[in-house]
Amino acid sequence: GDVYKRQMINQIGSIFEISKVPTLYPLIKFASTFIDGKPNLITRTFLDTNVFAGPGDANGLRKYFNRLTVRSLILNSMKEFEIPLPEGKANEDLEKFIVSAGIVFQEYVIKYLRNKFRQRREFHRLYQDFSILIHQATELDALLFQRKVDSNFMLIWTFDLLIRMMVRQLLLGFEIELYDQSEIPWVLFYLDYLLSMFDRNNANYIQKFSKDFAQGLLLSIQRLTK
């Protein structure tokens, strides 16, 4: 009765608040906490329908709550991450990367809004897309920043979002009691490694890891979580 109504009103209010935030990171955090709060069908459907509204542009990028283009959402997130984007004339290589990243992160957020069982089952479908995005980020860094020291900004940004998803996928296995006792040591090993990697990435030391290593780790996690 009243409790249900108050819960629904609070959830809709939180959706309107996040719709005003024009960057990716708060949206990801909101999506995971929103689902953890066990929203009712009405509010979940409302969010699913409106988070990326419309049929999309020629590249398949839609609008964020019908207010902001996904391109702008990606650009704002890059700026929030303090990536020194080129100013002035539009850069064709950067635009191509933004389109690729936008398509991946539309699906990234949508999968965060699934229930825990579907989240864990569907996250691994993004691994191939992330593998391609890592390759594109490496090439774009070389083009934009001329291989200067500590200049792999796009790779660091891409890794940051990928590792967050990989950690959540592994943790979800505990929440839904999916792991066999014999698998837990391996899961904890991967979690420890990912969290260590996350710390190094945030300290801008990701250049110590090659693209081949990154994609190899991605495949290992994918096998574990299938």
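Our estimate of slack between Thr69 and Gln181, defined as 0.36 nm per intervening residue step minus the Cα-Cα distance, is 35.8 nm.
Between the residues Asn50, Gly60, Gln136, the greatest Cα displacement towards the positive end of the dipole of the range 1-158, with unit charges on the Cβ of Lys, Arg, Asp and Glu, is found for Asn50. Modelled label positions at Phe16 and Asp57, each set 7 Å beyond Cα in the direction of Cβ, lie 2.9 nm from each other. The portion of the accessible surface of the range 47-110 made up by carbon and sulfur, rounded to a whole percent, is 47 (1.4 Å probe; DNA, RNA and ligands excluded). Listed peptides 101-111, 118-128, 153-163 appear in the order 153-163, 101-111, 118-128 once ranked by packing, highest mean of other Cβ atoms within 10 Å at the front.
Based on protein heavy atoms only, the range 63-120 ends up with 50 Å² per residue of surface accessible to a 1.4 Å probe.
For the range 43-59, the Karplus equation 6.51 cos²θ - 1.76 cosθ + 1.60, evaluated at θ = phi - 60°, returns couplings of 5, 5, 5, 4, 5, 4, 6, 10, 4, 10, 8, x, x, x, 8, 4, 8 Hz by residue, with Gly and Pro reported as x. Extension gain, Asp192 to Arg125: 0.36 nm times the residue separation minus the Cα-Cα distance gives 21.8 nm. Taking each of Lys20/Lys116; Lys5/Lys111; Lys20/Lys63 in turn, the alpha-carbon distance tops 24 angstrom for Lys20/Lys116; Lys5/Lys111. Distance between the pseudo-spin-label points of Phe174 and Asp199 (7 Å out from Cα toward the beta carbon): 1.6 nm.
The values are calculated or read from the model by the stated rules, or taken from the named source; none is laboratory data. What you see is a predicted model, and the numbers here were worked out from it, not measured in a lab. All Cβ positions, even for glycine, are placed from backbone atoms using ideal geometry, and neighbour counts span all protein chains on display. Keep in mind that these areas ignore ligands, DNA and RNA; they rest on the heavy atoms of the full protein, side chains included. Shrake-Rupley method; radii C 1.70, N 1.55, O 1.52, S 1.80 Å.
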